[in-house]
Amino acid sequence: MTDFVFQVDGFMLFCTSKNLSKKSLKCYEQSLHLFGMFLSKEFGITEVGAYSDENQHLFRFITDSYSNFNWTKKPAGIPH
């Protein structure tokens, strides 16, 4: 388990404690895991402390996701 996945799991526990809807939880978790996979694949970033948005990683993720995402299929590697 990478540091990023560990931090996402912690955030999801926090969201669950705030009684967010299952739909919101699923959306947050999928989006964060996609972002983590993007950071790892494109930039080799797997540690939260290594992330910095000075290179506009988040902007690149959003634009890349929007232009390349198949809106009819769930991406491989995303937990159910």
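The values are calculated or read from the model by the stated rules, or taken from the named source; none is laboratory data. In this text the structure is predicted, and so the values were computed from the model without any measurement. Backbone-built Cβ (ideal geometry, glycine too); neighbour counts: all protein chains shown.
Residue-by-condition table, conditions (1) exposed (fewer than 14 other Cβ atoms within 10 Å of the Cβ); (2) modelled with pLDDT under 90; (3) outside any helix (DSSP H, G or I):
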residue: LEU13; (1), (2), (3): yes, no, no
residue: GLY49; (1), (2), (3): yes, yes, no
residue: SER67; (1), (2), (3): yes, yes, no
residue: LYS74; (1), (2), (3): yes, yes, yes
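Conditions (1) of a type outside the set (Val, Ile, Thr); (2) at pLDDT 80 or above; (3) in contact with a helix residue (DSSP H, G or I) (Cβ under 8 Å, 6 or more places away or on another chain), marked per residue:
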residue	(1), (2), (3)
GLN7	yes, yes, yes
GLY10	yes, yes, no
SER24	yes, yes, yes
HIS33	yes, yes, yes
LEU39	yes, yes, yes
HIS80	yes, no, no
